[in-house]
Amino acid sequence: MFPTEITKIACIGAGYVGGPTMAVIAQQCPHIKVTVVDINPQRIADWNDEDLSKLPVYEPGLPEVVAEARGRNLFFSTDVEGAIKESQMIFISVNTPTKTYGVGKGMAADLKFVELCARQIAEVSTGNKIVVEKSTLPVRTAQAIRTILDNAKGKQGTPPQFAVLSNPEFLAEGTAIPDLHNADRVLIGSEDTEAGKQAERALANIYANWIPREKILTTRIWSSELSKLTANAFLAQRISSINSISALCERTGADVDEVARAIGMDTRIGSKFLKSSVGFGGSCFQKDILNLVYLCHHFNLPEVAEYWEQVVKLNDYQKHRFAKQIIDSLFNTVSGKKIAFLGWAFKKDTNDTRESAAIYVADELLQDRAEIHVYDPQVTQARIIADIEYLQSHRRTDTLQDVSPLTTKEIENLVTVHNDPYEAITNAHAVAILTEWDEFKTYDWQQVYNQMLKPAFIFDGRNILDRETLAEIGFELKSIGKG
């Protein structure tokens, strides 16, 4: 029914997951033709640009991978229908944002793009297809996809047969290429049927070109879908846990980094994801936890839902606490004061800003009419303004609902984006470190001090700067979890 050796793959969605994942598959499997399709023509044009610095996704190592495979067996196209028809295996790697309307608003995943993909696959397929869920999805989404596909009529002859697999990604933005090259595990969930097992073997054989077989884990499809949500929830929980302790450290005179190092040496706990900061961001953690919360409510597990919802509430609290410290330190007002933001991306080595802590901190300061000057080495002015505008119009019900949103003109008057960090800092009342870009550690901080108004405040939201050096220069330094 399905071949065990795949020679043609299509991926619907050329974003942060689909693009890098397919590029590495093409690089490692030169015998497989990989076509990445997207309905956004500009995104596809950027993937095809000869200037590899214009790739729409910034990931260290990605340009080299694309350069090796593109044009050989890696192709980017807007011809979605053609790619579906030609392929034997189709990855669905589209966005699954949190719903902003209707049932499940603010928690449930919006699956409209996944459903549209399934319907298009069902409509245009003329042969048997293996459909792989690559997007992060709620448990039992595969059943919805299966129902749509099973009702496919086919355009000619016998209706095609479909197998549905779950193959969640476990990539960390900024290290996606090493994560793909040296994955600690590849998870494949399949239906417990002969066809499902055939499809599972076909996908496993692709990864086995460079991933050891013992690292390719196979499960039931429902377990695979839930594993992705659970993994992100557990990682976010650790960050919120150490951030909760950072608040206590500041009150008691303890040092959160020392506490994290001490507990991290306990082999039962481990040291990873114990770095305190202004708060976690990115496209996955908050979205997946809220999705998990919604599922728990749906299945009448309110106590479990409340447990996981607290992880998100603590993260919101950490961002609010950081913004409030800036306002309190600057004599209880930032109105008309210049605050320099170093960093806007949610973490270093990516241009992804989704749910970045910087957006929420900026939002609170803008309510007091602070003048925010931003420098980030990878994020554009258009993206920064769009992030603020989106938050202004889509605040969750638990945040600042009594505050009127700023107009686009007001935002543009209050927010300035710079290409030079020293320009952003000149005559600033305070500097806030919002992203842990390595270059920030190498700045001439004496020059920065000389350019700032006094007292010169630095709010290190990532704990990356040398406290003793900055204190000697004369800065008023506020760090996360440092008493």
Can you name the condition, by its number, that Ser53 falls short on among (1) of a type in the set (Ser, Thr, Tyr); (2) assigned to a strand (DSSP E or B); (3) over 26 Å from Ala208 (Cβ atoms)? (2)
Being within 18 Å of Glu436 (Cβ to Cβ), outside any loop (DSSP other than H, G, I, E, B) and in contact (Cβ under 8 Å) with a residue 60 or more places away in the chain: is that true of Phe346 here? no
Based on what the data block shows, is Glu115 of a type in the set (Asp, Glu) and either touching a residue at least 40 places away in the same chain (Cβ under 8 Å) or touching a Leu at 6+ places or on another chain (Cβ under 7 Å) (or both)? no
Check Thr230 against each of (1) among the hydroxyl-bearing types (Ser, Thr, Tyr); (2) more than 27 Å from Thr96 (Cβ to Cβ); (3) under 20 Å from the mean Cα position of the chain (by Cα) and name the one condition it does not meet. (2)
Log entry, pairs with first residue in the range 360-374 being surrounded by fewer than 24 Cβ atoms within 10 Å (Cβ to Cβ) and assigned to a loop (DSSP other than H, G, I, E, B), second being aliphatic (A, V, I, L, M) and modelled with pLDDT of 95 or more, beta carbons closer than 7 Å, six or more apart or on different chains, reads Asp368/Ile327; Asp368/Val334; Arg369/Leu414
Unique match (being part of a loop (DSSP other than H, G, I, E, B), touching a residue at least 40 places away in the same chain (Cβ under 8 Å) and either touching a Pro at 6+ places or on another chain (Cβ under 7 Å) or not acidic (Asp, Glu) (or both)) among Pro377, Pro405: Pro377
Does the range 429-439 contain at least one residue that is over 26 Å from the mean Cα position of the chain (by Cα) and at pLDDT 95 or above? yes
Across the range 426-483, the tally of residues that are among the small types (Gly, Ala, Ser) and in a loop (DSSP other than H, G, I, E, B) stands at 6
Quick check: is even one residue across the range 150-163 within 23 Å of Gln198 (Cβ to Cβ), surrounded by 23 or more Cβ atoms within 10 Å (Cβ to Cβ) and either in contact with a Pro (Cβ under 6 Å, 6 or more places away or on another chain) or aliphatic (A, V, I, L, M) (or both)? yes
What are the residues in the range 41-66 that are of a type outside the set (A, V, I, L, M), touching a residue at least 40 places away in the same chain (Cβ under 8 Å) and closer than 20 Å to Asp79 by Cβ, if any? Pro56
Sort out which residues of the range 242-291 are within 21 Å of Thr136 (Cβ to Cβ) and assigned to a loop (DSSP other than H, G, I, E, B), and write them in order of number. Lys272, Phe273, Gly279, Phe280, Gly281, Gly282, Ser283, Cys284
Go through the range 167-198 and count every residue that is over 30 Å from Glu64 (Cβ atoms) and surrounded by 15 or more Cβ atoms within 10 Å (Cβ to Cβ). 7
Would you please list the contacts, defined by Cβ atoms under 8 Å and residues six or more apart or on different chains, that run from a residue in the range 315-327 that is within 17 Å of Phe285 (Cβ to Cβ) and of a type outside the set (S, T, N, Q) to a residue that is modelled with pLDDT under 95 and surrounded by fewer than 24 Cβ atoms within 10 Å (Cβ to Cβ)? Asp316/Asp398; Asp316/Thr399
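Quick one: which of Lys275, Lys348, Lys313, Lys287 is within 26 Å of Thr100 (Cα to Cα) and under 18 Å from the mean Cα position of the chain (by Cα)? Even if it seems obvious, please write down each step before you answer.
Details: Lys275 fails: within 26 Å of Thr100 (Cα to Cα); Lys348 fails: within 26 Å of Thr100 (Cα to Cα); Lys313 fails: under 18 Å from the mean Cα position of the chain (by Cα).
Going through Lys275, Lys348, Lys313, Lys287 in turn, the sole match is Lys287.
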Which residues, counting only those in the range 253-312, are surrounded by fewer than 20 Cβ atoms within 10 Å (Cβ to Cβ) and among the aromatic types (Phe, Trp, Tyr)? Phe273, Phe299, Tyr307
Cβ-Cβ under 8 Å, sequence separation 6+ or interchain: first residue in the range 224-235 and β-branched (Val, Ile, Thr), partner assigned to a helix (DSSP H, G or I) and crowded, with 19+ Cβ neighbours inside 10 Å. Which pairs? Thr230/Leu292
Can Asp38 be described as without any contact (Cβ under 8 Å) to a residue 12 or more places away in the chain and either within 17 Å of Glu173 (Cα to Cα) or in contact with a helix residue (DSSP H, G or I) (Cβ under 8 Å, 6 or more places away or on another chain) (or both)? no
Take the residues in the range 98-148 that are among the charged types (D, E, K, R) and surrounded by 17 or more Cβ atoms within 10 Å (Cβ to Cβ), then tell me which one is farthest from Phe299 (Cα to Cα). Lys129
So, first residue among the polar types (S, T, N, Q) and modelled with pLDDT of 95 or more in the range 451-479, second residue surrounded by 15 or more Cβ atoms within 10 Å (Cβ to Cβ) and assigned to a loop (DSSP other than H, G, I, E, B), Cβ within less than 6 Å, six or more apart or across chains; the pairs are Gln451/Thr426; Asn463/Ile480; Ser479/Asn463
Heads up, the strands (runs of 3 or more DSSP E) in the range 68-137 (entirely inside) with at least 1 residues that are at pLDDT 95 or above and either in contact with a Phe, Trp or Tyr (Cβ under 6 Å, 6 or more places away or on another chain) or farther than 23 Å from Trp47 by Cα (or both) are 74-77, 129-133
Do you know which of the residues in the range 167-201 that are part of a loop (DSSP other than H, G, I, E, B) and among the β-branched types (Val, Ile, Thr) is farthest from Arg220 (Cα to Cα)? Thr175
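Yes/no per residue for (1) under 22 Å from the mean Cα position of the chain (by Cα); (2) among the basic types (Lys, Arg); (3) buried (at least 19 other Cβ atoms within 10 Å of the Cβ):
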{"position": "Tyr443", "(1), (2), (3)": "no, no, no"}
{"position": "Phe457", "(1), (2), (3)": "no, no, yes"}
{"position": "Arg462", "(1), (2), (3)": "yes, yes, yes"}
{"position": "Asp466", "(1), (2), (3)": "no, no, no"}
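The values are calculated or read from the model by the stated rules, or taken from the named source; none is laboratory data. On a predicted model such as this, the values are computed, not experimentally measured, just so you know. Neighbour counts are summed over all protein chains in view; Cβ atoms, including those assigned to glycine, are modelled from backbone coordinates with ideal geometry.
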